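Please read the structure below before turning to the comments.
The values are calculated or read from the model by the stated rules, or taken from the named source; none is laboratory data. Because the structure is a prediction, the values reported are computed rather than measured. So basically every Cβ, Gly included, is an ideal-geometry build from the backbone, and we count neighbours across all protein chains shown.
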Amino acid sequence: MGARRLTPADKLYMTLNYSVLLLFCATALYPFIYFLALSFNDGYDAMKGGIYFFPRVFTLENYAKAFSNPLILNSFYISISRTLIVTVGSVFLTALLAYALSRKGLPGRKYIVFFFFFTRCSAEDFIPTFILYRQLHILDTFWVLVLPSLYSFFNAIIMKTFFDGIPEGLAESARIDGASELSVFARIILPLSMPVLATIALFVGVGVWNDWFTGQFFIQNEKLQPAATFLNKMISEASFQSMTSSSGNSGSAIQNMTETQMELRGVTPEALRMTFVIIITTPIICVYPFLQKYFVKGVLVGSLKE
């Protein structure tokens, strides 16, 4: 039987559908292209405006300034290590919690879910959190970047809903053959849950990679600060130096400009900001295509209960 012939209404619908999708794609893609063009353009030239797709005065000074600090590579090492540890640990621990909550025979399951939900709804204040971290002796250590990020009730609910959709007969047949709950979890549940596991891994990885707040307020040692915190600090310093050099309060202040300020010629705080956005988002953009096929399916299946 041949394919159904498209009617004019079908052709109109497909045209509108693809047009809207292309518009959404362009809307999502253009900011990255714009930031990329500004990051490769001279900072003072970019202040004139008129740059949309391509740099007008090409330069690598923005990236040279961004990587001029010897601690920048160390900050990326901290971010990569943190992201890998937290992503693997969070996905595994969240899967264990979600699997336990998905078992209808778990004693007090409703009360446990209510407890997690109630504590999740309560606001997190900075001072109690700081006191807790100090009592746990994790302030200004690598573990303050890891331990608080290992748990998310929202991710556990997504996983639990996905696990509820897995036929119970698969686990029951394994138990009849003598498999323990841990064996059922490792050999049946996890292999069938790759879409939602990849989705949660992407959620956690992106959130941890972009987190600058923890390193800013809970770590004083610059050698332990992640890349997002370190780059944010460099932007603040560049902005301060730019304001100082352009204040014009005294001629001697301009004449005695420091070497660091001299290096900022052609590199503006705004250009640095665009450069740091490209630097911090590029790793996530490189990883996302490998998880995209699991991401879409995981979000849809994990948000709907069959």
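A few notes on this one:
- Those residues of region 183-197 which are touching a Phe, Trp or Tyr at 6+ places or on another chain (Cβ under 8 Å), over 21 Å from Y288 (Cα atoms) and either of a type outside the set (A, V, I, L, M) or surrounded by fewer than 21 Cβ atoms within 10 Å (Cβ to Cβ) (or both), in sequence order: F185
- Of the helices (runs of 4 or more DSSP H) lying entirely inside region 1-89, those carrying at least 1 residues that are modelled with pLDDT of 90 or more are 8-39.
- Scanning region 111-153 for residues that are under 19 Å from the mean Cα position of the chain (by Cα), among the aromatic types (F, W, Y) and at pLDDT 85 or above yields a count of 2.
- Filtered residues of region 159-182 (kept if hydrophobic (A, V, I, L, M, F, W, C) and surrounded by fewer than 15 Cβ atoms within 10 Å (Cβ to Cβ)): L170, I176, L182
- Those residues of region 149-169 which are among the small types (G, A, S) and part of a helix (DSSP H, G or I), in sequence order: S149, A156, G169
- Boolean, I176 is more than 27 Å from W143 (Cβ to Cβ), among the hydrophobic types (A, V, I, L, M, F, W, C) and in contact (Cβ under 8 Å) with a residue 60 or more places away in the chain: no
- A single member of L60, L101 is out of contact with any Phe, Trp or Tyr (no Cβ under 6 Å at 6 or more places or on another chain), at negative phi, aliphatic (A, V, I, L, M) and surrounded by fewer than 16 Cβ atoms within 10 Å (Cβ to Cβ), and it is L60.
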